[in-house]
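The values are calculated or read from the model by the stated rules, or taken from the named source; none is laboratory data. Remember, predicted model here, so these are calculated numbers, not experimental data. Virtual Cβ from ideal backbone geometry, glycine too; neighbours counted across all protein chains shown. Accessible surface areas use protein heavy atoms only, side chains included; no ligands, DNA or RNA. Shrake-Rupley method; radii C 1.70, N 1.55, O 1.52, S 1.80 Å.
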Amino acid sequence: MTRTDMNSAEMNRTDMSSTDPRSADEAGTAPDQTERVILQAAGEETGTGRPRDLIVVADSTGALTAAALDSLAEQPEARVWSWNASRAGTSALAKRFADPVAAGRLVLVAGADPLPLEEFAAEADAHLVLARLPTSLAGLEDLARRLARLAGQGGREDLTLVAGGRVKHMTRSQNEVLAGSFTEVRASRGVGKSRALIASGPRPDAPAPAPATGAATVSVHGQQLDLALRGSGGVFGGARADAGSLLLLDALDRALVGGEVAAEHAVDLGSGNGLLTAHLAAALPEAQVLGSDDDAEAVASTRATLEASGLSREGVRVSWDQSLSQEADGSADLVLLNPPFHDGTVVDATLVHGLLDAAARVLRPGGQLWFVHNSHLRYRHELEARVGAVSQRGRDRRFTVLSAVR
């Protein structure tokens, strides 16, 4: 890793272009191809000739954070601000980089609640942001708007975003989305099959970040109820009701009407845009209801959906948490789960296993897990092994709803 003296006139930049992957690997994961193209492009961006902070966004491996720390190693006044929407990702960074955090060289989101990026980095003296390209255009638009807002609030007219991705997943639309918040957008040279987009000149008139709006009609004790949905950033489903959740709620409401389900403490594990949490809050008005998600955008979306639907009340809460780690064993009567089955663009049927274990842990004896999955995947055995006796509650061409009794 080349360490840059940013007071040096001949360098006058943050130089990460000569990153040696082995340096990062000593502390954890070496940069992959996409991270290398981000670092190469970042090394070509000019600085100001004085120590400046660096902002890293959504660093799932820790390699970008490690490279940023290394590039500022000889600048004791400069700090790295690493923002991650994932609670698990934030915890992993805190564990891996405990010494830089303790020394004040690395700043992470602290506390039980996530902070929006522009609030988190409000005190950063940064001109450069390193990130992977979000998987959705909505997520990219949200990121760009938050950075433009950060630049406008702090007088950072020179703020530049370097965001990399795999070429096969990149489209012209990404450039257009970034152009809505930055005056100049260009592509870097490629590294293998990866490339970076470089956005500079934050627009002072860029739109403020705002959740997408939508609606859904669900059955609550046999009566139709209109819910207002909100989707922040790249949250799964945006502000739309996904078909799997609707199938689960239809089956669940029949069971509620039939007296098969009763709960004093109900949980929506992986709350996403808050559709299932809102249904629980409406269908179980006397119950304690928890919507929980590892993703900060999902937490914001769930809270906004509850508020917009008039379902925020005492006893309904939303937590930023990894797999219900903050909840006590045997504390829930009912858990709803519509889990992710994709790691990026790849189907990974094992992603749900840890969530099933979490549901089994928090369910009291006799408590129920209601679970929806893609019909071509097989999960009955997993539910029986982890929770208990399983019943099929609903099925269509795409999705299957199962319930299991602890």
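Ordering HIS169, HIS127, HIS353 by accessible surface, largest first, gives HIS169, HIS353, HIS127; the 1.4 Å probe counts only protein heavy atoms, with every chain in place.
For VAL261, the solvent-accessible surface with a 1.4 Å probe is about 10 Å², rounded to the nearest 10. If R0 is 41 Å, what FRET efficiency do you get for LEU351 and ARG189 from their C-beta distance, rounded to 0.05? Once rounded, the FRET efficiency stands at 0.75. Taking all protein chains together and rolling a 1.4 Å probe, VAL316 ends up with roughly 20 Å² accessible.
Expressed in nm to one decimal, what extension gain is obtained for the pair ASP329 and ALA98 from 0.36 nm per residue of sequence separation less their Cα-Cα distance? Don't jump to the answer; show the numbers that get you there.
Numbers: separation 231, 0.36 × 231 = 83.16 nm, distance 2.88 nm.
So the chain would gain 80.3 nm between ASP329 and ALA98.
Stretched out fully, how many nm does the piece from ARG240 to ARG172 gain, at 0.36 nm a residue minus the Cα gap?
Gain on extension, ARG240 to ARG172, equals 22.0 nm.
How much FRET efficiency would the formula 1/(1 + (r/R0)^6) give for GLN223 and ALA389, where r is the Cβ-Cβ distance and R0 is 35 Å, rounded to 0.05? E(calc), rounded to 0.05, equals 0.70. By the combined test of axial Cα extent (at least 20 Å) and Kyte-Doolittle hydropathy (mean at least 0.5), the qualifying DSSP H helices of the chain come to 243-257.
About the centre of its Cα atoms, the chain shows a dipole size close to 1000 debye [charges on the beta carbon of Lys, Arg (+1) and Asp, Glu (-1) only; nearest 20 debye]. Projected label points at GLU260 and SER91, each 7 Å from Cα along the beta carbon direction, are separated by 3.4 nanometres.
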